[in-house]
Amino acid sequence: MYAVKVLHGYIGKDGQRTRDKTCVRIFQTKNYAEKFAEKIGGRVKVIG
């Protein structure tokens with residue numbers, strides 16, 4: 001599972017930046033996470 005990291009937090013399910021790892025937007029494949037991160041200027045991080 002992958003999450004998109006921006007600044008000092010992650011992108012949450014609602015699209016806002018959050019520091020809470022329990023409510024982050026989860027991507028099942030790295031490819032989808034990388035595409036999303038490229039659009040918003042973030043980076044991909046492995047979660048769990």
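The values are calculated or read from the model by the stated rules, or taken from the named source; none is laboratory data. Here the structure is a predicted model, which means the values were calculated and not measured. Calculation scope for accessible area: heavy atoms of the full protein, side chains included, ligands and nucleic acids excluded. Shrake-Rupley method; radii C 1.70, N 1.55, O 1.52, S 1.80 Å.
Table for the structure above
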{"item": "Heavy-atom accessible area ranking, 1.4 Å probe, most first, across Thr22, Thr29", "result": "Thr22, Thr29"}
{"item": "In Hz, Karplus ³J(HN,Hα) per residue of region 33-46 (6.51, -1.76, 1.60; θ = phi - 60°; x = Gly, Pro)", "result": "5, 5, 4, 5, 5, 5, 5, 9, x, x, 9, 8, 10, 6"}
{"item": "Hits among lysines - C-alpha to C-alpha of Lys35 under 17 Å, sequence gap 8 or more where chains match", "result": "Lys5, Lys13, Lys45"}
{"item": "Mean ellipticity per residue at 222 nm, deg cm²/dmol - from DSSP H runs of n ≥ 4 across the chain, formula -39500 (n - 2.57)", "result": "-7000 deg cm²/dmol"}
{"item": "Relative contact order %, the chain, counting alpha carbon pairs below 8 Å whose residues are six or more apart", "result": "48"}
{"item": "Cα-based equivalent ellipsoid, the chain: semi-axes from gyration tensor eigenvalues, Å", "result": "14, 12, 9"}
